[in-house]
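Student: First the structure, which I've put down as C-alpha cells, then a few questions once you've had a look.
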Amino acid sequence: MQSTAHAFKKNAAKALGDAQLKTALGRLELNFPVRRKAAIDGLPEFDALRDEARAIKTHVIENLDTYLERFAAQVESRGGHVHWCSTPAQARETVLSICRSVGAKTATKGKSMVSEEIALNDFLEENGVQPIETDLGEYIIQLAGEPPSHIIGPAVHKTKEQITELFHQHHQKLGYTERQTEPEAMVNEARQILRRKYFEAEVGITGANFLIAETGSTVIVTNEGNGDLTQTLPKVHVVVTSIEKVVPTLEDCATILRVLARSATGQEMSVYTTLSTGPRRPDDLDGPEQFHVVLLDNGRSAMLGTELQDLLRCIRCGACMNHCPVYHAVGGHTYGWVYPGPIGAALDPHFLGIEAAQHLPNASTFCGRCESVCPMKIPLPAIMRHWREVAYERKVAPSLQRAGIELWAWLAKRPTLYRVATRLAIAMLGAAGRKRGRFAKLPLAGGWTQVRDMPAPEGGTFHARWRRERGT
Ligand code: SF4
C-alpha cells in the first residue's frame, strides 16, 4: 500500500467534507464502544483477565527469541515450513514462490493486516496470481479498489447504499442482475460468488492472531468462517504473520482470546476460533497438503528495548480506534497507511519514518481513551509524545512550530514571568473579545478558527482561578 501519511492534513480535510463517511463513522461510534462496555460490564473479572493477558504478552516479548524458536521447531516437527523474513520484499517473494511451486493462478485470502503491510495483493496480481479476499469487509474494499480503513472492520467507512451499488456494478457481469438492498441478500450474493472461488484456488492465505509455541499451531478468529474454508480447501495453506504474535501455550492463548473479542466487537468470543497445526495427516478428512508460515520481522525486533517495545503487545483488537474522537471524525484512510487510529499514530512512524508520518502522533487530543480501553494497556499517548519529541529533535516539525515550543518551554521554566505573561495575554484577549464573546479569526489559531469560533476567555488564567477556588 502506497502511504499517504505525509498528506494527513489534506486527507483529513477531504474526509471532513464527506457526508457518507460521516454517516458510516457515526454508526461505528454507536456500535463497537457500546457493545464493548456491555460485554465488560457482564464480566466482573475483566480487569483481572486483562492484567493476566498483558502479563503473558509482556513475558513473551521479553523472551521472544525462545518462544519463536520453540514455535518454529514445533511447526517443522509436524511437517510444516517456517520462512523467516526480515523485510516485506522477502515475505512477498516467499509467498509468490510458494504459489509458483504449485502453479497457482488464484489464491483465496482470509483477513491479514500483515499482508496489507507487505502490500501482498498488488504484488501477487502483478506476478500472475489473482488474490481473492474472502472476508466480507475485505471483499468489499477489494471490489472498491481501496485499502482497509479499520483493522477489524475494513469496510466500516462504507454505507449500505454504497455497498449495494458496488455489488450491483461488479456482480452484474456474473449474472446477478438484481440490485440487492437488504444486508442478508447482499451477504448471500457475495457468499455464492466466493464459494466457487474456494474450490478453484490452489493456495489459501490467512493471517494469524496467535502462534502457539508449545504446539506449532496458528490461530485465527473470524465471524464468518471464511478463514476455515480458505485454509482447508486449497492444496497449500500459507500463513502470513509477524513475530510478535507468538504466545507460549494454548492456555495463554485462551486467556487473551477472552479479552480480545470483548475489546474488539463486544462478543464473549468470536464466532470461529480456528487452529491449524501442520499439513493434513494421513487420517485427516481434509486440510492442505502443505503448510507454510511466513514470519515477518519488518523492524519489530528493532523495537525491543526501546520506547516502542510496548507496542509489540498489541493484539489488533481495534478498541483504541473505536474510542478515538479523531478517528471518529476522519476515519481510517486519513491516516494514510495500514494501521490507523491511535495504534497507527504510535506504530506507523516506526515503519514509515517520522519524516513521512510526522502528522500522525499529532492527530490526538491526548484524551487518553485509547490507553484506557486498550486490553494490553499500551501507553499510546506516551508513545505519541515520544514521536513528537523525535520530530522536534530531528527538526522534522516546521520551524515556526519548533520556535513556538521553544518559546513556551523558556517561559514555562520561569513561573513568575509565565504568570505575568499569561495574565496579560488573557486580559487582552478578554477585552478584545468582550463584545461578541468569541473570535471568528485569531492570529496563530487559524487551524481552530477555520472551522469554529474560539470562545473569548473569561475570568482570568487557570492558575488564578485555581488559587481563588482553593483559597491559596
Ligand atoms: S493498541 Fe490496544 S486497543 Fe489498539 S489495537 Fe492494539 S491492543 Fe487493541
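The values are calculated or read from the model by the stated rules, or taken from the named source; none is laboratory data. Quantities reported herein were computed from a predicted structural model and do not represent experimental measurements. Neighbour counts are summed over all protein chains in view; Cβ atoms, including those assigned to glycine, are modelled from backbone coordinates with ideal geometry.
Student: Find the residue count for the range 281-308, including only residues that are surrounded by 15 or more Cβ atoms within 10 Å (Cβ to Cβ) and either in a strand (DSSP E or B) or of a type in the set (S, T, N, Q) (or both).
Tutor: 9
Here is a yes/no grid of residues against (1) touching a Pro at 6+ places or on another chain (Cβ under 8 Å); (2) in the same structural domain as residue 257 (by TED's automatic domain parsing); (3) away from the ligand (no atom under 13 Å from the Cβ):
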residue: 310; (1), (2), (3): yes, no, no
residue: 313; (1), (2), (3): no, no, no
residue: 329; (1), (2), (3): no, no, yes
residue: 334; (1), (2), (3): yes, no, yes
residue: 343; (1), (2), (3): no, no, no
residue: 347; (1), (2), (3): no, no, no
residue: 358; (1), (2), (3): yes, no, yes
residue: 370; (1), (2), (3): yes, no, no
residue: 378; (1), (2), (3): no, no, no
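Student: I need the full set of residues from the range 115-163 which are within 21 Å of residue 321 (Cα to Cα) and among the small types (Gly, Ala, Ser), in order please.
Tutor: 115, 137, 149, 153, 155
Student: Out of (1) without any contact (Cβ under 8 Å) to a residue 24 or more places away in the chain; (2) farther than 30 Å from residue 343 by Cβ, the odd one out for residue 170 is which?
Tutor: (1)
Student: Looking only at the range 329-372, which residues are over 22 Å from residue 153 (Cβ atoms) and aromatic (Phe, Trp, Tyr)?
Tutor: 366, the sole residue that qualifies.
Student: I'm checking my understanding of the structure. Among residues of the range 2-13 that are part of a helix (DSSP H, G or I) and in contact (Cβ under 8 Å) with a residue 24 or more places away in the chain, which one is surrounded by the fewest Cβ atoms within 10 Å (Cβ to Cβ)?
Tutor: My answer is 9.
Student: Condition (residue is within 16 Å of the ligand (Cβ to nearest atom) and among the polar types (S, T, N, Q)) applied to the range 145-168: is it met by at least one residue?
Tutor: yes
Student: Here is a further query. Anything in the range 69-91 that is surrounded by 15 or more Cβ atoms within 10 Å (Cβ to Cβ) and assigned to a helix (DSSP H, G or I)? List them, or say none.
Tutor: Across the range 69-91, the qualifying residues are 70, 71, 72, 74, 75, 88, 90, 91.
Student: Identify all residues within the range 195-254 that are aromatic (Phe, Trp, Tyr) and surrounded by fewer than 21 Cβ atoms within 10 Å (Cβ to Cβ); write none if there are none.
Tutor: 198, 199
Student: If a residue must be under 14 Å from the mean Cα position of the chain (by Cα) and surrounded by fewer than 24 Cβ atoms within 10 Å (Cβ to Cβ), how many such residues does the range 351-370 contain?
Tutor: Going through the range 351-370 one residue at a time, the tally reaches 1.
Student: If you don't mind, another one. I'd like the full set of residues that are more than 24 Å from the chain's Cα centre (by Cα) and either assigned to a loop (DSSP other than H, G, I, E, B) or outside the structural domain of residue 270 (by TED's automatic domain parsing) (or both), limited to the range 149-189.
Tutor: 175, 176, 177, 178, 179, 180, 181, 182
Student: Only one of 391, 464 is more than 16 Å from the ligand (Cβ to nearest atom), free of Cβ contacts under 8 Å to residues at least 60 places away in the same chain, in a helix (DSSP H, G or I) and surrounded by fewer than 16 Cβ atoms within 10 Å (Cβ to Cβ); which?
Tutor: 464
Student: Moving to a separate point now. Can you pull out every residue in the range 121-135 that is within 15 Å of residue 205 (Cα to Cα) and assigned to a helix (DSSP H, G or I)?
Tutor: Within the range 121-135, 121, 122, 123, 124, 125 qualify.
Student: Then there's this: Can you tell me which residue within the range 92-116, out of those that are of a type in the set (S, T, N, Q) and assigned to a helix (DSSP H, G or I), is surrounded by the fewest Cβ atoms within 10 Å (Cβ to Cβ)?
Tutor: Among those residues, the one meeting the criterion is 97.
Residue by residue, here is whether (1) surrounded by fewer than 16 Cβ atoms within 10 Å (Cβ to Cβ); (2) in contact with a Pro (Cβ under 7 Å, 6 or more places away or on another chain); (3) under 18 Å from residue 239 (Cβ atoms) holds:
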residue	(1), (2), (3)
118	no, yes, yes
122	yes, no, no
126	yes, no, no
164	no, no, no
175	yes, no, no
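Student: Just give me the residues in the range 261-280 being more than 16 Å from the ligand (Cβ to nearest atom), closer than 21 Å to residue 231 by Cβ and either surrounded by fewer than 13 Cβ atoms within 10 Å (Cβ to Cβ) or among the hydroxyl-bearing types (Ser, Thr, Tyr) (or both), in sequence order.
Tutor: Within the range 261-280, 271, 272, 273, 274, 276, 277 qualify.
Student: Being closer than 21 Å to residue 138 by Cβ and touching a Phe, Trp or Tyr at 6+ places or on another chain (Cβ under 8 Å), is that true of even one residue in the range 240-251?
Tutor: Yes: one or more hits.
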